[in-house]
Amino acid sequence: MKKLISVLLISLIICSTFLFSSCFFDEVPTVYSDPEKYTAGNTEFEGKVDNLSIWWQYGTVTVKTHKENTVKITETANRELDEKFTLHWRYFNASDYGMVLYVQFSASGNFDFGDLKKDLVVYLPENEDMDIAINSNAASVDLDVSEFENNLEELHVFTISGKVSVKIDSADEVWISGQNDEGVPEENREFCFRANGTVSTLGISASYAKVDAYAKKIYNGEIMTVYADLLLEADEARDLKLYNSEGRICATVLKFRSLDIEANYQPCELTLSPDASFVLSIKEKNRFNQTMTPKNVTVEFENMTQSGSQYTVGAGENKISIATDSDIVIIPLADHPDM
């Protein structure tokens, strides 16, 4: 019962954190406002995009940059389409939001798509000052932003069933949330995120989908998974929260201020800088007020001292707090088996 309650509570947090799950089906691109302002079909036009929003039902979504000074939108489908089922787009000046591009799966008012699957590709003109917001709400869709290596103002992604692949330079705010189930093939249940620069706020929430994330620097981060592994690498993180149930946490963080970690039923493995300075506190209870007792605690730093449930390395300048009922392993980077 404890196991079931824990998983259900964490699942509830995942569903509520980004406020998407309860309202998602109100946002599916079958009914939308001002449909008369949309144009049907593939297109290419000169212009820039400050805010891109995509609503897609089934298939894949890819966002790329190209050297042209045009915005290009194309789709391919698994069957012949009439205008009712082709993509619809709207491009307009939204004042405070700049030039906005909306892309919808079909004409407004469609509900029965049968076996229709469509692959969407959006090309945006690349420039050195590119700083845009991208929003994607999707049902059974794989999202690929791996060829978009520019700064993002915001990236908001929600998917009911599908994998997410993102590669960017930096971002002010990233939120990725997805609900999968174990019936989806494992290769289609992965959230892969890469940022070569700084992410000010990073939030990732997943069920039955492995999270594999890297960022050079994270100011504030919260990553939660259920029924899958959580893998993270960061050269630097200011404040970072990692929560998992039924999956392994494996994190490499070379510089940090605070790490708050909760793990259920699977080990928590941290790889830190060889000269890391921290105090590890073992929490007696997790967020849900459940009593947690780790099976084994291993801190493989030569200058470690222990006092009760606290482990101090070096001057203890930074903080790690962990609640778990499984193993805790903290090792210096040079001792990592994969190094």
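Couple of notes before you dig in:
- Exclusive hit being under 21 Å from N296 (Cα atoms) and either among the aliphatic types (A, V, I, L, M) or not assigned by TED's automatic domain parsing to the domain that holds I328 (or both), set V279, V226: V279
- Only one of V174, V145, V157, V122 that is β-branched (V, I, T) and more than 24 Å from D212 (Cα to Cα): V122
- Annotation note: of T65, T76, the sole residue that is at pLDDT 90 or above and more than 25 Å from the chain's Cα centre (by Cα) is T76.
- Region 91-117 residues that are among the basic types (K, R), paired with ones that are in a strand (DSSP E or B) (beta carbon under 6 Å, 6 or more apart): K117/Y58; K117/G59
- When region 245-262 is filtered for residues that are assigned to a strand (DSSP E or B) and at pLDDT 95 or above, the ones remaining, listed by number, are I249, C250, A251, T252, V253, F256, R257, S258, L259, D260, I261, E262.
- Matching residues in region 242-272 - criterion: being surrounded by fewer than 17 Cβ atoms within 10 Å (Cβ to Cβ), over 18 Å from N296 (Cα atoms) and of a type outside the set (A, V, I, L, M, F, W, C): K255, R257, S258
- Qualifying residues in region 190-224 (those that are under 17 Å from E262 (Cα atoms) and free of Cβ contacts under 8 Å to residues at least 60 places away in the same chain) - the one surrounded by the fewest Cβ atoms within 10 Å (Cβ to Cβ): N220
- Condition met for F256 (aromatic (F, W, Y) and more than 17 Å from D325 (Cβ to Cβ)): yes
The values are calculated or read from the model by the stated rules, or taken from the named source; none is laboratory data. Quantities reported herein were computed from a predicted structural model and do not represent experimental measurements. Every residue, glycine as well, gets a Cβ built from its backbone with ideal geometry; the counts of neighbours run over all protein chains shown.
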